[in-house]
Structures are given as structure tokens and as C-alpha cells.
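The values are calculated or read from the model by the stated rules, or taken from the named source; none is laboratory data. Just so we're clear, the structure is a prediction, and the values are computed from it rather than from any experiment. Cβ atoms come from the backbone with ideal geometry, glycine included; neighbour counts cover every protein chain shown. Note: accessible area is taken over every heavy atom of the protein model, side chains too, but ligands, DNA and RNA are not part of it. Shrake-Rupley method; radii C 1.70, N 1.55, O 1.52, S 1.80 Å.
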There are 4 protein chains.
Amino acid sequence: MLRRIKNNVSASKQQKMNTFGTLFTLTSFGESHGPAIGGVVDGMPAGIKIDYDFIQSEMQRRRPGQSTLTTARKEDDTPEFLSGIFEGITTGAPIGFIIRNKDQRPSDYENLKDVFRPSHADFTYQQKYGIRDYRGGGRASARETAVRVAAGALAKLFLRERGIHIQARLVQVGNEKEPSRMEELIKQTQADGDSIGGIVGCTIQGCPVGLGEPVYNKLHSALGAAMLSINACHGFDYGAGFEGIGMKGSEQNDAFTTDSEGNITTLSNFSGGIQGGISNGQEICFRALFKPTATISKKQQTVNKEGIPISISVTGRHDPCVALRAVPVVEAMAALVIADFLLLSRNSK
Amino acid sequence: MLRRIKNNVSASKQQKMNTFGTLFTLTSFGESHGPAIGGVVDGMPAGIKIDYDFIQSEMQRRRPGQSTLTTARKEDDTPEFLSGIFEGITTGAPIGFIIRNKDQRPSDYENLKDVFRPSHADFTYQQKYGIRDYRGGGRASARETAVRVAAGALAKLFLRERGIHIQARLVQVGNEKEPSRMEELIKQTQADGDSIGGIVGCTIQGCPVGLGEPVYNKLHSALGAAMLSINACHGFDYGAGFEGIGMKGSEQNDAFTTDSEGNITTLSNFSGGIQGGISNGQEICFRALFKPTATISKKQQTVNKEGIPISISVTGRHDPCVALRAVPVVEAMAALVIADFLLLSRNSK
Amino acid sequence: MLRRIKNNVSASKQQKMNTFGTLFTLTSFGESHGPAIGGVVDGMPAGIKIDYDFIQSEMQRRRPGQSTLTTARKEDDTPEFLSGIFEGITTGAPIGFIIRNKDQRPSDYENLKDVFRPSHADFTYQQKYGIRDYRGGGRASARETAVRVAAGALAKLFLRERGIHIQARLVQVGNEKEPSRMEELIKQTQADGDSIGGIVGCTIQGCPVGLGEPVYNKLHSALGAAMLSINACHGFDYGAGFEGIGMKGSEQNDAFTTDSEGNITTLSNFSGGIQGGISNGQEICFRALFKPTATISKKQQTVNKEGIPISISVTGRHDPCVALRAVPVVEAMAALVIADFLLLSRNSK
Amino acid sequence: MLRRIKNNVSASKQQKMNTFGTLFTLTSFGESHGPAIGGVVDGMPAGIKIDYDFIQSEMQRRRPGQSTLTTARKEDDTPEFLSGIFEGITTGAPIGFIIRNKDQRPSDYENLKDVFRPSHADFTYQQKYGIRDYRGGGRASARETAVRVAAGALAKLFLRERGIHIQARLVQVGNEKEPSRMEELIKQTQADGDSIGGIVGCTIQGCPVGLGEPVYNKLHSALGAAMLSINACHGFDYGAGFEGIGMKGSEQNDAFTTDSEGNITTLSNFSGGIQGGISNGQEICFRALFKPTATISKKQQTVNKEGIPISISVTGRHDPCVALRAVPVVEAMAALVIADFLLLSRNSK
């Protein structure tokens, strides 16, 4: 295994890599089959009322096992909040929370202990750390997104007080863009024991002018990084995006005008609400591409730790179209980004 | 202008936003028509030999005025290195450098002083800071990319000692993917006083296994953020990307195998060299989408600071297809990201 | 309350301020009387064996109620580790842990709800956040140091594998430097219902040459910041420190020499093991000054939220000399700093 | 040189270590005898008027060669500002500046090329980086403080608009605290070709209530780190500090009261204007200890790179009491810290 050793940069570890954001931050931890996953939200302003019902409803949106189109795993996704909230109001102190893991079936994964599943993180984690929690993907499991949604719900409570609303939805599955056809394709793919990719579209309304930091932290750059950090997300664009590749500048430029109230606005929004990396007051719209889930029940060729060829057929829970379950996660990550930029932009002349 | 005032988060400023990277960092400064632009590269390991000819050749690749297809502005892009190098070798101290601005024609821009050019940063900067250097776009000018290329050249000197090579090229202009047709389209667009979008493809070879930090700082997430931070970049994908949307998991999964030397590798590379956010030793490949340059000579409708409608016809220098000039910038940003992740991954068990 | 309002910068919140360190980081959360306190240690290298007995012994050292000289509060300080450890070995994933709060007596504090205790954080928190968890000091409680000790214990496990050992002890109480006299003074002070300050001395052995980053992150600068972040720490010095103020350069300079093995070393160590901000291989020694605990049972004058003068006599648990309990906390913070700098310095030429 | 090799963590480099601050940041570069030193101030709010005369007067205060008590080196310390300022007003863009090095006499240092001067950074830099710019201390030279003073002057322009004023002065030299005796002692020490330590006291007036972030970034913790990052600073304390070690809590607690305007204030200020890590509206006062300059003309014993014993007598320029020259540097670093915390605290409920 000369090359593998030669190339192995060896057991480095995440460095500040489990913390997301600059001022409004989420630091997360936890593996799919450990005692619990959880996070710490720091930077939440003091004085925000916590709406537990809303948070739980967000968790429900992400929870698997709610439709025949998503994995059957039962998860009790009720975060236990441990700090930063006093008499239902945020105090400005960090908000720590945990979500206990239940319904674990390590036995599902025992047989994958020494196997590198195709297009999974098994091989790269093993190489990078020299050790891995192989149960359900460990730290690389989609289970981790439950923490993002819980933190995103807190960010949304902050944002909605500012009149900012985020809405994502599945806009494409494979080559289908029509709802009934998308559902049909997912069902068919599931029946085939296969998986399919999709695209989630997201819009942000009520965003003030001025969010985004020039040069290296443009608003769309941060949104892109946030989306691409979600498991299986392989692409991002905003405004006209890749589909506007055929347009000329004279067609894609958004002409400025003044509305009935005398406010400066634009006639079109091919810029997706962001110009020069800064929000311009229009609706922000972007897309996130999700590849087909790597986990499929169809038989596949791969190798084990020793490099010996074997064929596997994964029986664990999995989704035919992960993009479907990613919808609330996309919203949550967008909420964390906007909350962060709201704080970053809070400085008067 | 009620809404504008209401929405204006007012004079915040870049916050650590002119620094790129975690351990291998670039902090940049400078406006298009100020005395100079420059940067500070921190984290460059000690003991690296500086190849000034290579750095200059990289600057030449970005420099405008070299072809009839790019802006006619003459720039003398020779960085003056001020520190961190002793007898031609890096010392581990920060490398400061400046590039003097020459051939400035502020008069070109005087007439744009109070005008918000469509799809430019004029409006958002004015709203965010309450003041802006309107000469040539100031901080938002593509001139800033010269600093990225100079810093990227330093990163490349570090990377090539590790056998890592980065290569970008223009792969699409409008709907054309064939070189001669792309050039034809650019010429035609230029003749029309218009602009057109394009896509730059980039590959990274020789990257070790293990670069990338799980969860919030996946390698592709950082590459995406880096590309999206380049002016006019509106999209990013890697591996099969958006064009692979029709594929099934069974088609897109990269089966593991062992090569003749007994190293574990993959039969295909739809993952674009990255799995679970970590490089897997295969060639890394991604794409960056660039929208049509906002600056066109065709007459356009817009408003001035007071919101009064006016029509403008920009005479300043500009590119018909900014993607063409972005090629060396894409390489430079990729080099900064890989250098940073090499340092991040440098920790033994 | 004009001035108070005028000066009140109002409800800002900790910003990334509950995360300590650059690469080896601790993010903590929790209040004295909430459900739990806890933390996330990120950056712990993969492959470190976790010695739970050692961690618990460290917690015991900090735990109050073990001597007649410290507060009588009973705490069950057993951290529950939730992630980052697989089969007793660190995986490189973040290590999340919580410590449940028990033996809470909010009633002790109900009477302090609207009172600003002298030299406590009551007033400043109220002004800064507009709300505060007044129970036992909330986030400002010394209870928070339990998280530092748990995280420090993890850092020590990493450091001891590198042969680095940290040892702190109480070196002065009031003006007394002799153990029996120090204990005598503490007892007398306790009997008086008063409190007294002290100094903790700390030494670090086995530190390699080269830890410390020039200019803004010198090793002693980071150690100083770490100590000063501990409640009641009001001073820091290293090497000869304040007591060496009368020495001349010719006396305080540490002459270089070579030892029997031919290694370059110094004849004296007035530099405290750090030169130019970088460890020089000698024993690192520094001191941390702790002021008298603000909480005393003696009657004191103060005001309530409305500014009405009142006199209070705090009956809650407290220590006559907080420096005594700070000893393991000083070690823990030093361990976090050294672990962080070990990672920072891990880059070859 | 076994141990040296064993202990050498080898050529790591500053990692983000040439950037100071969180939101109001200074990134600096430059060596004593390179072409120039300089910095980038990022986070300066837009709309601040630049007073160049004030900046120059601050530079003059630091400049050597102004009194017989400081080094004779002539420096032209006029910063050239390159960006972030438009028509005399800050734009919110990063402010880059350089200060050319003049009057260099490398020959002064040629003889020190292979020598490790006692208590200097020569040995540790050589070990850490494997290479060093030995001319005048290179990056470790006090020359670097000119950049701190230039950046601090910018911060002061921002602070004085907020009514915040910073004042430092030499309060002790050796054991002398009386001005004329301090001067006498410095002169005598200079005549002896020796050096002496001193203490700089600093006060900050007009600071609003609420600056400081609880737990890991307390205001005094940041001030301490800032001071300890200045060359030769070996100690820090605030409020009663080390000299208050004999006081009881009942003596040192600052009783709250209300002033004539009905504002809550304190009767005493042993807390040095900071409680719970947050400014309480009183005058902030702290001390910074400076050890005797390592550079003395007296003959000293040391070793060269090969560990061969030699004796040296440094003829280069140096100060008999570096604390004297540190006064404006202490103010500059305090200004950078306060400006940073003002931005950090700018978030409404």
C-alpha cells in the first residue's frame, strides 16, 4: 500500500472545524451511534423569546420515518436545552443542547467494520485519522444534520423578529421538475434499490440591504460554503446561475428603478438579491445540488481494509433521494448564515 | 427613500473579511485607483525558495491588455516583496507585498460618481458604508484579483515542492464548449458592446489523501467559498456536478479497487477526488461559473443617488467574458485553499 | 440613570467568546444553577487513550467541599462524555461532554435577585445583556471552572504522551509565603467572614523548544490571557516577574552554555523558559494573582437595581481564599494553552 | 546536540499570529532591516476622519533618538497609507500602510550572525524556523512596534470620537517610583553599559459599561495578552493588582452607590474599572512590567550556533530602560483592544 502510506497525511484532526460561523456560531459534536449528538450556539443575542413548539416542529420536518420516501429509522429528535435561556428568554450566554441517540442498531453495521463503502467517507476517514467509528458512518452520518436544524431553529427565532423568512423546497429530482413526476421518480428509484440526485431551491425574504462582507466573505460565498457543508451537496448557484449561462450582460443586468414609495429597487433579480457580495434588498434565491445517496441496497463492488475485492449490499436504512430530506437542513444553514451576517453588519458609522 | 433607510443596516465594515484562510492566510487591501494594492501572506512555511520569475509569469497570465479579448488597461503588476524572505528563502515570518497602481484614469469614472451601475456593487456599497470610492469600483474592482494571484503564486511554490499541481482552463462560454466557437462568441459579444458568461474548469493533481475537515469545513466547501469569492462567480460544483443530475447512485458511486502497486483507488471519479469532504487521492476537479460582466458599453437604464432615472453607457475598460481572465485567479484561490488544508492536516497521531 | 443608559452598550453578547484556543479548542456552556454545564473539545488528535480515572481525579482536585477551607457545596463532578471517543480511543472528532448540576439551592439567591453585589458581575451583566440568571452568578459562577478542568484533563492526556508535565501550587496567601502560615491566615480570614487574595505558581516541564508564535501570540501572552480569564485572577507574570524589578540586564540575562550532552541550554532561567515569546527548552514558570473573593459574609453596603442603597450579608457558599481552589484550574488552562501551541507548531520546513 | 534535535518541533511558522484582534484587527509584517515594515488595519468603521498630524505625533512619541535616554537610531517613521481612505475619510475598506526602513547598518550585526545573544530571540527563532534574519533581530526587533503605534493611532481616532481617552506613563524604574530618581537611575544604568526594568501604568477614561466578553475573553484578559505581546513585557496586573495582595475582601470590594445624577457607580475602584471581565464605567487602570533590555554593552558569556562558548559585547543601538520607550506602545495596544471590544459589544437586544 505504498501510495496510500505515502499520501496519507496521517491523523490530523478537525481544527476549529466543528464550529460554524463568525459571530453567531454553532459548535457541534456527536456520532450517529454514540450516546448523544449536540451543539453549542454562541452569539445568540440576549432577550430573544424561545418558542419550543416551533423548534420541535422544525425537528419534525427533518425527522426520518415520516414518509415512505425516507429512511425508516425512528429518531426522537427532541433537543434538551441546557443553558443560555432563563425563564424562556435568551441571556446572551451560550446555548448548549443535546439530542440523545435512540433506536441504534450497531449490528446493522458490524459487517461493514472493515469495508470501504463506495463514495462514502469510510476510506478517507480511516486514512485521515487511522481510526473511525464505523457505526452508521459515525461523525459523517446524516444524523449530524439534526444539530444543524436545532441550531437553525434558534437562528430563525432571531431572524423572524427582524422580519426575515427563509423557505426551501425540492425543485428537481433527476431530470424531473414537476412535483408529481419527482415523487414518481423517487418511488421508482426506491423500488429499484437505487438512489437519485436532486436540487433544493431556497429563497430568503425580508433581508435588509447591506448583508455581506466584500472580497473574501461575500454573502453568496458564505451561503455556498454552508450548503456545500451539508452531506451529499455537490453544487451551488444563485440568481440566474448555471441555467443563465446563455444570457448576455445586457439581458442579465438588473436595471435600477424607484418604486412607488421612492425606494431604489431593481426591475429584475437575476443577481439573486446579492450584488458585489452584499444583499441589495431583493429576494435572495439560490440552489443546492444533492448527488444520489451513496448508500444503496443494490449489490456493489468494493474492497476491504486490506484492499481485498468484495461485493456488498447495504441493508442499513437509507433515503432514495437525500435532497428531499435536505430541505429543512438547507433552511437551517441559510438561517445560521443570515443571523451571522446580521451581527457582522451591526456597526454604525 | 423610507424603505432604503429602514433596511439599511448602515456603515458596518468588513470584519476580518479581508483575510482568507485559517493557517495559510492572505490579508489583502487596496482599491483600483488608490496608490497601491497589496497583501500579507501569513503561514508560509520557513525554508521555501522564492522563484520570482515564476511569480511574475503568474502575474502576466492575469494581466489585462494581453489579448484583444480582454480589457486594454495597462497594468504593471510586479509585486514588491517587503518581508518574510531572507536571501531568497522564506523565514516563516509574514510576507508583505505591494503592487503600485499605474495608468489610472479617474476621469473615466467622474461621470459615474453619483450613478448606480446595474448589477455593480455601487448601490450596495453606498448603502452599507455610506461612502464609497467610486473610481473604477474601488475595493470591488477586479484589480483586487492581482493580489490573489501574487499570493496564489507563493502558495504554488509551496505546493509544487509537495508535487501538487493546479490547472484551470475556460471550458464553456455561453452555450459553447468548443475552443474556436468560444473565441468566436467572445469576439462577437465584444463587437456588440455586450458581455457573456462562462465556466472555468479546474483540476488538482498530486493531492494527498486526507485533506479536508469534516462537517463544516469540507474540502469542497472551502473550494466553493473560495471560487464564489471571486468577482462575478455565481456558481460552483465538483465531480459529476449539475451535469450528473440524471445519474443514479449505482452509476455515480465510485467503486474501490486496488491498483497494480496494491494501493486502494477508485475505478471512476464522479466524486471529483473528494469523499466525505476529504480528498481521496484521486484528481480533484471542480467548475466555477462566471456571469456576464456587468460592465457593458451598450446603453442601460438606471438611477442616480437621488433615485432619478438616467441612462448610461459605460466607456471604461471592460472584458466581454470575465471568465477568460478568471482562469489564473481560479488557480490562485485553489492554491491558497490547498496550502491551507495541507497545514490543517499536518498533525500526527 | 442617564449616564448608565448613555454608557450602556446594550445587549451585546459573547462573540466566539465561549471558545478558547486556536487549534486545540474548548467551547463551553452552562450556568451555575441550570440543568448542566458542559463543553466541546475540538482538535484533540486521534489515537489518544482516554484515562477516565485520571480525569475523575482531576475533577476531584477542583471539587469544593473537600476541605474546611473551601465552600461546602456538594458537587457531583463526573463528566459524561458523549462523542469523539470510540472504544476508549479518541477518533479526531469533537469530544462533547456535560456535567449535571446538583445540590442547587436557588432559594439561597432569591434575595439577591435585584441586588448588585459589590465587585461581582451582577451589575455589568445586567447592563450588558439587560437580563441575567442571578442564581449563583449564572454564567459568571466559578462553577464554570469544572468544565475547564475536564477539558484540561483531556489536554493533559495528550501532553503526558509527549512527556510534558504541569504542576501548580499555592505560593502566597496575603503576605504569607510559608505553608502553615498560609493555612493559618485562610482559617483566620474564614472565621472573620472575610476573604483574602493569593498567588498560584505554576511550572511546565518537558516543553520542547519552539512553542510560541512571534509578535501577537507569544507563548507567555497566551498563558497570561488564559490565567486572566479565570475568575478573580487579576495579575500574571513569568520568569523573574515583578519581583525581579530591581535586577539589571547583566544580572537577569540567561547566559547560554552547552550541557554534558552537548545541548545548548542556559545557566540561569530568569526568562522563565520563554525567549522572544518562544519556549527555549527550559522549565516554564509563571505566577497568577487571585484577588480576595468578592463573596463575603460580612455585612456590606450596595444598591439594588433601582439604585436604592441597601446593606447585604451574603449567606451563600463561598471560599475564604479562591486562589486555593484555583490551583487545578491554573493547571488545566496551562494544559489547554500548551496543547494548542503544540499543534500550532507542528509544521515542518 | 541530541536534545536540541529531540526538542526541536522544527520550522513551524506563525499561524494567524501576525493578526491581532477579532473585529478591529491589525495584521502586520516586516523586519528591522528589510525594505519596509507595515500593516493592514481591518474593521475600522466607515466615516472616520483621518487626522494625519495626530498620527505623526504618535509616531514621534515612539521614535528613538529623541532623548539621550533612548537608542540613537534615526528612524523616519512616517507611514504611507495605501488604501481604505477616500478624500480623508475611512471607507470601511482595509487600511494598508507601510513604513520604509532607513538608516540600516547591517554591518552592526554581521558579527552576530552565528551567535545566540543571551535572553534574545536568536536561539528560539533559529530552532523554530531553521533560518532567521539575524539583522537587528529581524521580526523580533522592537522596530515592529512602530506598526503597532501607527495602527493604534487609527484606533485612537475612532475612540476619541466616542469620548474614550487612553493615557500611559512610566511609573517605576527598578525600585524607584519618583520621576527624578527614575531618570537618575536610567542615566546611571546607561553609563554602566547595563539595562534596567520598569513598569508602565495606563488608564482608560470614558469607557462605556459593557465592554468585555465573559469567560474566555474578559476585557482584562485581552488587555493582558496585548501588553504581554509587547517585546520585553513580562508581567501584567490591573486594579489593586499584586500590590493589593495584603488586602481583605471587605477592604477591596467596591461598594456600589448612586451619584448626584442618580447613576450607579462605585465608592472605590480596586476592580480597576472591570468586574466579571466587563467594564463597569469607572476608570480602567492596569500596569505592564518590562524586564531589563537584553541588549547591553557589558561583556557577556554565550555560545554560537555550534555551541562553542564565546564572549560578546553588543555594540548595536539599545535602550537602558525599554519601559520608557514602551509607553506609547502600551497606549497603542490598549487602543486596539478597546476599539475591538467596542465593535464586539455593538449588538442590541
Placing +1 on each Lys and Arg Cβ and -1 on each Asp and Glu Cβ in region B:261-311, then taking the dipole about the Cα centre, the residue among B:281, B:310, B:300 whose Cα reaches farthest towards the positive end is B:310
How shielded is C:291-299 by partner chains, expressed as the average number of their Cβ atoms within 10 Å of its Cβ atoms? 5
Sort B:176-182, C:299-305 by the packing proxy (mean of other Cβ within 10 Å over each peptide's residues), most packed first. C:299-305, B:176-182
Taking the rotation that carries C onto B, look along its axis and tell me which residue of C has the beta carbon nearest to it, distance in whole angstrom. C:346, 3
Averaged per residue, what accessible surface does region C:19-347 expose to a 1.4 Å probe, in Å²? 28 Å²
Taking a label point 7 Å from Cα toward Cβ, how far is residue B:89 from its twins in the other copies, in nm, shortest first? 3.8, 5.1, 6.3
For residue B:114, the accessible surface traced by a 1.4 Å probe with all protein chains present amounts, in square angstrom to the nearest 10, to 70 Å²
Under the 7 Å Cα-to-Cβ spin-label approximation, residue C:49 and residue B:49 lie apart by a distance in nanometres of 4.6 nm
Checking the a/c ratio against 1.5 first, then a/b against b/c, what shape does the Cα gyration tensor give for the protein assembly as shown? rounded
How big is the accessible area of residue D:109 in square angstrom, nearest 10, if you roll a 1.4 angstrom probe over the protein chains? 20 Å²
Please work out how much accessible surface residue D:267 shows to a 1.4 Å probe, ignoring ligands, DNA and RNA, in Å² rounded to 10. 130 Å²
Once phi for every residue in region A:258-273 is put through the Karplus expression 6.51 cos²θ - 1.76 cosθ + 1.60 (θ = phi - 60°), the whole-Hz ³J(HN,Hα) values, with Gly and Pro written as x, are 10, 7, 4, 8, x, 7, 6, 9, 10, 6, 10, 9, 5, 7, x, x
When the accessible area of each residue in region B:121-136 is compared between its chain alone and the complete protein assembly (1.4 Å probe; ligands, DNA and RNA ignored), which residues differ by at least 50 Å², being lower in the assembly? B:123, B:124, B:128, B:131
Shielded residues, region B:30-64 - accessible-area loss of 30 Å² or more between chain alone and all protein chains, probe 1.4 Å: B:31, B:35, B:40, B:42, B:46
At 7 Å along the Cα-to-beta-carbon direction for both residue B:184 and residue D:184, put a label point, then send me their distance in nm to one decimal. 9.5 nm
Mean other chain Cβ within 10 Å across A:151-161 is 0
Once label points are set 7 Å from the Cα along Cα→Cβ at both residue D:191 and residue D:267, what is their separation, rounded to one decimal in nm? 5.0 nm
Which of A:128/D:305; D:156/D:218; C:187/C:291 exceed 27 Å between C-alpha atoms? The answer is A:128/D:305
Assigned charges on the beta-carbon of Lys, Arg, Asp, Glu; region A:19-347 dipole about Cα centre (debye): 780 debye
Contact surface D-C: accessible area buried, both sides summed, square angstrom, 1.4 angstrom probe: 9600 Å²
On a 1.4 Å probe surface of the protein chains, which of D:223, C:185 comes out largest in accessible area, and what is the full order? C:185, D:223
³J(HN,Hα) across region D:130-143 via Karplus (A = 6.51, B = -1.76, C = 1.60, θ = phi - 60°), whole Hz, x for Gly/Pro? x, 7, 8, 8, 7, 6, x, x, x, 5, 7, 5, 5, 3
Assume the label is 7 Å from Cα along Cα to beta carbon: what separations in nm does residue C:193 have to the matching positions in the other copies? 6.4, 7.9, 8.9
Label 7 Å beyond Cα on the Cβ vector: residue B:169 copy-to-copy distances, nm: 4.2, 7.1, 7.2
A:156, A:49, C:298, reordered so the largest accessible area comes first (probe 1.4 Å): A:49, C:298, A:156
Taking the Cα atoms of chain D, what is the range of coordinates along each of the three principal axes, in descending order and whole Å? 69, 54, 44
Would you please give the FRET efficiency between residue A:177 and residue B:305, computed as 1/(1 + (r/R0)^6) with r the Cβ-Cβ distance and R0 = 56 Å, to the nearest 0.05? 0.85
Accessible area of region D:19-347 with a 1.4 Å probe: how many percent of it is carbon plus sulfur? 49 percent
R0 = 35 Å: FRET efficiency of residue D:243 with residue A:161, Cβ-based, nearest 0.05? 0.15
Sort D:270, A:236 from largest to smallest accessible area, using a 1.4 Å probe on the heavy atoms of the protein chains. D:270, A:236
When chain D is modelled as a GNM with alpha-carbon springs shorter than 10 Å, which of D:130, D:273, D:235 fluctuates the most? D:130
